[in-house]
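The values are calculated or read from the model by the stated rules, or taken from the named source; none is laboratory data. Worth saying up front: this structure is predicted, and the values here are computed from it rather than measured. Every residue, glycine among them, receives a Cβ derived from its backbone with ideal geometry; neighbour counts consider all protein chains shown.
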Amino acid sequence: MKKILTALLLLLAVTTTARAQFKQGTYYVGASLTGLNMSYSKNTDFQLGLNADAGYFIIDKLMLHGTLGIDSHPGDAKRFTMGGGARYYFLENGISLGAGLEFSHLSPGIDNLRLPFEVGYTYYLNRHVAIEPAAYYRLSLNDFSGGSEVGVRLGLGFYF
């Protein structure tokens, strides 16, 4: 009986702390690796990127955030991105949907405006630190076939 009661109290503590992280007024800082893209572009086969995010929950379960990123492409090409968006967390279980707008510059001289969409999950390691896997689709407004891409990312987030 003691084991069952201890397990129930532990479960209550875990769900209470996870729920509190998506409350209004919470700040977010995160970094993620992106890549394994299945790009629509015939110019890219594989890329690996690093993104930095910062956000703020304006209401419960809704975060506004900004993103900066760099992607490495085969050869010497690099893509720099910056943008912003919103992420909504469903039922306080960690599943989220996000959308936004980003500007990307692929050297040498290819600029692109894209609409990124993502579905992700937040798994808390402790009260503040979380692992955040996600799948994304970035729709290019300038060059649909050459600039749109699908991929996955693995992030580490800090909620405070």
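Computed values, structure above
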read-out	value
Meets criteria (at pLDDT 90 or above, among the aliphatic types (A, V, I, L, M) and over 30 Å from Gly25 (Cβ atoms)) for Leu139	yes
Residue under evaluation Ser145, criteria (1) among the hydroxyl-bearing types (Ser, Thr, Tyr); (2) touching a Ser or Thr at 6+ places or on another chain (Cβ under 7 Å); (3) in contact (Cβ under 8 Å) with a residue 60 or more places away in the chain, criterion not met	(2)
In the range 105-133, residue farthest from Gln47 (Cα to Cα) [restricted to those that are outside any loop (DSSP other than H, G, I, E, B) and in contact (Cβ under 8 Å) with a residue 40 or more places away in the chain]	Tyr124
